[in-house]
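K.L.:
So that we are looking at the same thing, I have put the structure below in structure tokens.
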Amino acid sequence: MSRESTSGKTPPTAGGWREGDPNGRRQWFRGSLPGLPGLSIAYETWGELNADRSNAVLVLHALTGDSHVAGPAEPGHPTPGWWDGLVGPGRALDPERWFVVAPNVLGGCQGTTGPWATAPDGEPWGARFPKITVRVQVAAEVLLADALGIDAWAAVLGGSMGGMRALEWAVSEPDRVRALLVLAAPAASTAEHIALASAQLHAIRLDPVGGLGVARRIAHLSYRSEAELAARFGREVREDGRFQVESYLDHHAAKLVARFDPASYVTLTEAMNSHDVGRGRGGVRAALRRVTARTLVAGIDSDRLYPLRQQAEIADAVPGAGDLRVVTSPYGHDAFLIEVDQVSKLVSELLETG
């Protein structure tokens with residue numbers, strides 16, 4: 001598959017799964033959406049679907065995540081499972097009890113159709129890839145659920161961008177979501193979210209690969225808290241004269257460039273900017289009243305990307321959601337990935353009260 005960038009240049013170090021790479025644990029669903037006749041969704045599963053198809057749990061990843069929720073880094077999977085502590089024997093998502101499904105999001109770069117996929121004319125989509133929204137991403141996941149024979153999910157779980165999709169699932173397909181966990185996500189992207197994303201998108205459009213590294217540096221500052229950065233790095237200076245925190249950002253930029261695709265980053269970021277469960281539904285509160293799932297909404301006390309008031313808006317409007325749950329952590333937004341014990345307790349509570 002061609003690696004021609006959206007700017008017409010070839011980014012030799014752009015990451016992401018490509019045809020011919022090891023499949024790893026991926027399986028594929030093939031289907032179509034309007035404007036995307038050759039839709040492919042890469043997904044992974046753990047456990048078995050039971051006879052009455054009542055034990056399926058959908059786990060949705062964040063912006064630079066993928067379908068590899070659990071398991072080691074291995075051929076086809078450059079990083080270990082991003083919620084590895086949640087899936088496994090004796091864990092909140094025990095495969096002996098639950099059938100766990102994790103798709104790579106539409107527009108992604110880890111096996112699901114995105115800008116690097118082949119268009120109907122045999123050439124990569126590139127800059128021609130359709131503009132997509134969170135609703136379109138969920139529509140693709142609905143097709144996957146249909147193909148797997150899952151009429152309703154026992155639970156839909158997601159944090160950050162995954163939380164946006166989880167919420168959209170519960171609003172657009174209320175009869176198909178029995179329980180819902182929305183973690184560290186808003187009901188609609190705000191002007192600040194869009195402005196922060198705009199700087200990242202401009203960097204990538206100026207230079208796809210180098211700009212992806214810059215975008216990660218910008219984004220990572222919103223993923224962690226000021227207090228954590230101060231405690232870890234302060235004003236420490238390396239032997240080369242650079243601040244230690246600069247080296248830290250360089251490290252995370254290089255990691256992302258090695259495994260992620262710049263065009264997918266643009267596509268997914270624009271989809272996140274479009275997120276608004278109230279659009280065309282009478283506003284956010286009216287849309288959230290559509291949710292019939294047993295719901296837990298949780299935020300992180302040090303999150304400066306999606307602060308607690310945004311999850312409080314969801315908890316207040318979803319019928320029966322109860323009080324907002326708070327994950328206590330110094331790590332900022334990334335705590336939804338780091339504080340696995342606290343997240344596991346939320347998942348267990350949600351599933352055990354069914």
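K.L.:
What's the ranking of 315-323, 182-190 by average number of surrounding C-beta atoms within 10 Å, highest first?
P.N.:
182-190, 315-323
K.L.:
Let a ≥ b ≥ c be the square roots of the eigenvalues of the Cα gyration tensor of segment 315-354; is it rounded (a/c under 1.5), or, if not, prolate (a/b larger than b/c) or oblate?
P.N.:
oblate
K.L.:
Something else about it: What size of dipole, in debye to the nearest 20, comes out for the chain about its Cα centre when the only charges are +1 on Lys and Arg C-beta atoms and -1 on Asp and Glu C-beta atoms?
P.N.:
With Lys and Arg at +1 and Asp and Glu at -1, about 620 debye.
K.L.:
Where the only charges are on Cβ atoms (+1 Lys, Arg; -1 Asp, Glu), what is the dipole of segment 164-305 about its Cα centre, to the nearest 20 debye?
P.N.:
560 debye
K.L.:
Additional query: At 0.36 nm per residue, minus the direct Cα-Cα distance, what do residue 227 and residue 28 gain on full extension? Give it in nm, one decimal, please.
P.N.:
67.4 nm
K.L.:
Out of the total accessible area of segment 264-354 (probe 1.4 Å, heavy atoms of protein only), what percent is carbon and sulfur?
P.N.:
50 percent
K.L.:
Do the sum for the chain: with -39,500 (n - 2.57) for every DSSP H run of n ≥ 4, divided by all residues, what is the mean residue ellipticity at 222 nm, to the nearest 500 deg cm²/dmol?
P.N.:
Details: 11 runs with 126 residues, N = 354.
One gets -11000 deg cm²/dmol as the mean residue ellipticity at 222 nm.
K.L.:
So, taking all protein chains as they sit and a 1.4 Å probe, how much accessible area belongs to residue 334, in Å² rounded to tens?
P.N.:
Near enough 20 Å² of accessible area.
K.L.:
Show me 24-32, 203-211, 262-270 ranked by packing, highest mean number of other Cβ atoms within 10 Å first. List each step's numbers first, then the result.
P.N.:
Numbers: 24-32: 16.3, 203-211: 17.9, 262-270: 24.8.
Sorting 24-32, 203-211, 262-270 by mean packing, highest first, produces 262-270, 203-211, 24-32.
K.L.:
Right, something else. So what is the relative contact order for the chain, in percent, with contacts set as C-alpha pairs under 8 Å and at least six apart?
P.N.:
That works out to 19 percent.
K.L.:
Sort segment 85-181 into rounded, prolate or oblate with this rule: let a ≥ b ≥ c be the square roots of the eigenvalues of the Cα gyration tensor; rounded if a/c is under 1.5, and if a/c is not under 1.5, prolate when a/b is larger than b/c, oblate otherwise.
P.N.:
Taking the square roots of the gyration eigenvalues as a ≥ b ≥ c, segment 85-181 is prolate.
K.L.:
Of 278, 213, 343, whose Cα points farthest to the positive end of the dipole of the chain (charges on the beta-carbon: +1 Lys, Arg; -1 Asp, Glu; origin at the Cα centre)?
P.N.:
278
K.L.:
What whole-number value in Å² describes the accessible area per residue of the chain for a 1.4 Å probe?
P.N.:
It amounts to 40 Å² per residue over the chain.
The values are calculated or read from the model by the stated rules, or taken from the named source; none is laboratory data. Only a predicted model underlies this, so the values are computations on that prediction, with no experimental measurement involved. Quick reminder, even Gly has a Cβ in these numbers, built from the backbone with ideal geometry, and neighbours come from all protein chains shown. Ligands, DNA and RNA are excluded from the accessible area calculation, which covers all protein heavy atoms including side chains. Shrake-Rupley method; radii C 1.70, N 1.55, O 1.52, S 1.80 Å.
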